[in-house]
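Participant: Shown below is the structure under consideration.
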Amino acid sequence: MNRRYVLFGAIAALLVLLNVWRWMPFGADARSQDVDSTGTLRLEDFALRVTSLPIEPGPMRRDLFHAQPSAPKRAANRVPAAPPGPPPKSPEEIAAEEARSMLADIKVIGIVFRDGVGQAYVTVGGQSQLVRVGDVVGERFRVEEIRQDAVELADGATDTRGRVPLTGT
């Protein structure tokens, strides 16, 4: 056996002996506290020993089964207050929302590349246009880039940018 295991075993045995020794009654004084001379428990051993506060005679301070009479009653037909609405929008936020809604109305019908220069055929509100990079679509969007599958547009006033994909007819 390894020396380490012997040392651990000796320590475990010592702890077990200390625990048993702690709970063993020694002498007549220890035995008389728990049992009488015959070795049996007495009736007094089962008595509950607690420290209690003196009970004052008179009415109870609180009745657990009835509501407090001083509690105000709520009106049955009272309409709850509506939660506050969202804060008002600034003029910049309103302009940006308007630009996004206008951008949603733009459709790219076709894209053509001639000599490396892209052209896009777009419709805005029922009117169609043929545009190149740098042209203005509708009233406010400038064409930033034309790709094979989409057109990149930007609004200079609100800094709203968007990518309009090629949809066809």
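The values are calculated or read from the model by the stated rules, or taken from the named source; none is laboratory data. On a predicted model such as this, the values are computed, not experimentally measured, just so you know. FYI the Cβ positions are ideal-geometry reconstructions off the backbone, even for glycines, and counts take in every protein chain you see.
Participant: What number of residues within the stretch 78-123 are over 43 Å from the mean Cα position of the chain (by Cα) and surrounded by 10 or more Cβ atoms within 10 Å (Cβ to Cβ)?
Facilitator: 12
Participant: Continuing with the same structure: Checking THR158 against (1) touching a helix residue (DSSP H, G or I) at 6+ places or on another chain (Cβ under 7 Å); (2) part of a strand (DSSP E or B): exactly one of these is not met. Which one?
Facilitator: (2)
Participant: Identify all residues within the stretch 124-150 that are surrounded by 14 or more Cβ atoms within 10 Å (Cβ to Cβ), more than 10 Å from VAL164 (Cβ to Cβ) and among the small types (Gly, Ala, Ser); write none if there are none.
Facilitator: GLY138 - this is the single residue of the stretch 124-150 that is surrounded by 14 or more Cβ atoms within 10 Å (Cβ to Cβ), more than 10 Å from VAL164 (Cβ to Cβ) and among the small types (Gly, Ala, Ser).
Participant: Would you mind telling me which numbered condition in (1) among the acidic types (Asp, Glu); (2) modelled with pLDDT under 90; (3) under 18 Å from LEU166 (Cα atoms) GLU93 fails?
Facilitator: Of (1) among the acidic types (Asp, Glu); (2) modelled with pLDDT under 90; (3) under 18 Å from LEU166 (Cα atoms), only one is false for GLU93: (3).
Participant: Also, I was wondering about something else. Check the stretch 118-133 and report whether any residue there is over 24 Å from GLU93 (Cα atoms), at pLDDT 90 or above and outside any strand (DSSP E or B).
Facilitator: Checked the stretch 118-133: at least one residue is over 24 Å from GLU93 (Cα atoms), at pLDDT 90 or above and outside any strand (DSSP E or B).
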